[in-house]
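Single-structure report; data block below.
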Amino acid sequence: MDREEKKSDYQKLEERLSYSSKNIWKEEGETAVKKFFDYGEEYKDFLGRAKSERLIVKWILEKAEKRGYRNLDDSQEIKPGDNLYALNRKKNIALIKIGKNPIEDGVNFIVAHADAPRLDLKQVPLAEEVEIALLKTHYYGGIKKYQWLNIPLAITGIVVTKDNKSVEIQIGLDENDPVFVIPDLLPHLSKKVQSEKKVNEFIAGETLNLVFGNIPVKDDKVKEKVKLAVLEKLNNEYGICEEDFISAELEVVPAFKPRDVGIDRSLIGGYGHDDRVSTFAAVTSIFDISTIEKTAVTLIVDKEEIGSEGPTGAKSLFVFNLVGTIIEKIRGSCPGNALRQTMQRSVCISADVNAGINPMYKSVHDEKNAAILSHGVVITKYTGSGGKYSANDADAELMGKIRNLFNENGIYWQYGGMGKIDEGGGGTIAKYLASYNASVVDCGVPVIGMHSPYELISKADLYYAYRAYKVFFEKA
Ligand code: MN
Ligand code: MN
């Protein structure tokens, strides 16, 4: 009160007329902070286990089934209040909550992606060099290759065998498992091969090979003795042979667990916040809503990091067909105009992370238009690069709707774009959902060190992503 009285008229005018986002820790007290930390614990548990899109879909499906969600395909008649899920190729999952309003009023979508930059094993990955067995990789998504050297790595995925059996492989995720490493070159000898080269050239893609084994078979008639020994071990443990790798999807991901970062434990360091933080918030928020007017859908897509291609990416007709199926199950049939109308009246949050200002590299951001850690979820009107190329560019009406919704419901949010003009750029799934004539806006948490093996987010932002998505489902 005292402080209020001392404010000058112009100070009050400034408060009324100027825009600034707020530091959540500064605004909130102990009770709120406890909620941020508790939610952070749940998230760390998820992030540490679900290190691939397949594992994420599996994790979500288990939680949904426990909560009584039914498979849409097996449900005959559906009605308001029903909780359903739909799967696509074990890499997409949609959680659906049917609202009271006719579905033709539109659906509220939150779409996040479960894939993250990583190294995939090549289809013929095994090699032996100087009596060391290696696994060759092909990187996936936008990585800085040097960040993947000399860190503990795990392998996760499936192998389809000659009898069409799908064998799951997870090595390195459990504390007691061995891990794998891509060894860098010692500084003593790296002058010509590395140090004199440009940073994007000094690590060749073909050198991203994992050390996989070192014990040879004891038979001098065999040429590649270590390679054969690891193949024998793989055959004994998983029943696979070398040709089976051709029909495998094995991803190499950082083996370390998410941890609290900072003496105050305000941040979480972990692999794959982009975009598993949005995935987690989108899933837990739809779980926690009660009755709603508009039908709510949380959709988890794949392949965002390589352009949303393929049947499991956001460009696929999966979402369009899914809404068609929902209409059909509600009305008994799905006329084309009902589907088109539903899509064009739908509103979609493209739930993806944005770049938080890294204090060591402030120069790449226009600070007035950039996200600050712990200032809440970031609303982004457009992404893209250059003169807004490849941007969805959400319209002012939608920006207004979301901003006002968040303001009216006590959501900490901030505006943030992707760096200074012509500094670089990036994109999200926003434009692919918008191609159905739905209204789409980007909204997610700020991340520092995005696409690195150990990205940073704030627990306060994480919590407000959950709250923002929940408010969107309940009230948009
Ligand atoms: Mn992303
Ligand atoms: Mn990304």
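Odds and ends about this structure:
- Only lysines eight or more places from Lys197 in sequence, or on another chain, were considered; those with a Cα closer than 19 Å are Lys144, Lys145.
- For the chain, the longest principal axis of the alpha carbon atoms and the long axis of helix 225-238 meet at an angle near 50°.
- The share of C-alpha pairs in region 82-225 whose separation exceeds 26 Å stands at 48 percent.
- In the context of the full protein assembly, Glu196 retains an accessible surface of approximately 120 Å², using a probe radius of 1.4 Å and ignoring ligands and nucleic acids.
- Antiparallel DSSP beta bridges within the chain, percent to nearest 5: 70
- For the pair His188 and Glu201, label points projected 7 Å from Cα toward Cβ lie 2.8 nm apart.
- Listed peptides 325-338, 450-463, 66-79 by packing density, highest first (mean Cβ within 10 Å): 450-463, 325-338, 66-79
- Counted by Cβ distance under 12 Å from Asp82, the other residues give a net charge of +4, where Lys and Arg count +1 and Asp and Glu count -1.
- Neighbour net charge for Ala116 - beta-carbon separation under 15 angstrom, K R +1, D E -1: -4
- Using the Cβ-Cβ distance between Lys35 and Gln123 with R0 = 45 Å, the FRET efficiency computed as 1/(1 + (r/R0)^6) comes to roughly 0.45.
- Apportionment of accessible area to carbon and sulfur, the chain, percent (1.4 Å): 50
- Calculated over region 271-310: convex hull of Cα atoms, volume per residue (Å³): 77
- Spatially close lysines, pair count over region 38-104: Cα under 23 Å, gap of eight or more or interchain: 23
- Given charges at beta-carbon only (K, R positive; D, E negative), |dipole| of the chain in Debye: 540
- Principal-axis tilt of helix 30-49 within the chain, Cα atoms, nearest 10 degrees: 30
- Residues Met343, Met360, ordered by accessible area of protein heavy atoms at a 1.4 angstrom probe radius and largest first, appear as Met360, Met343.
- Other residues within the sphere of radius under 10 Å centred on the Cβ of Ile240, judged by their own Cβ, net out at -2 (K and R +1, D and E -1).
- Structure-based [θ]222 nm, the chain - -39500 (n - 2.57) summed over DSSP H runs of at least 4, per residue, nearest 500: -9000 deg cm²/dmol
- Fraction of C-alpha pairs exceeding 22 angstrom in region 210-323: 63 percent, rounded to a whole number.
- Ranked by the mean number of other Cβ atoms within 10 Å per residue, highest first, peptides 281-288, 9-16, 208-215, 252-259 order as 281-288, 252-259, 208-215, 9-16.
- Rg of the Cα atoms in the chain, relative to 2.2 N^0.38 Å, amounts to 1.06.
- Rounded to 10°, Cα long-axis angle of helix 318-331 versus longest principal axis of the chain: 50
- Packing-based order for 123-136, 385-398, using average beta carbon neighbours within 10 Å, highest first: 123-136, 385-398
- Long pairs among Lys22/Lys470; Lys294/Lys329; Lys257/Lys315, criterion Cα-Cα beyond 25 Å: Lys257/Lys315
The values are calculated or read from the model by the stated rules, or taken from the named source; none is laboratory data. Quick caveat, the model's predicted, so the values are computed rather than measured. Note that we place each Cβ from the backbone using ideal geometry, even for glycine, and neighbour counts take in every protein chain shown. Just the protein is used for accessible areas: all its heavy atoms, side chains included, with ligands, DNA and RNA removed. Shrake-Rupley method; radii C 1.70, N 1.55, O 1.52, S 1.80 Å.
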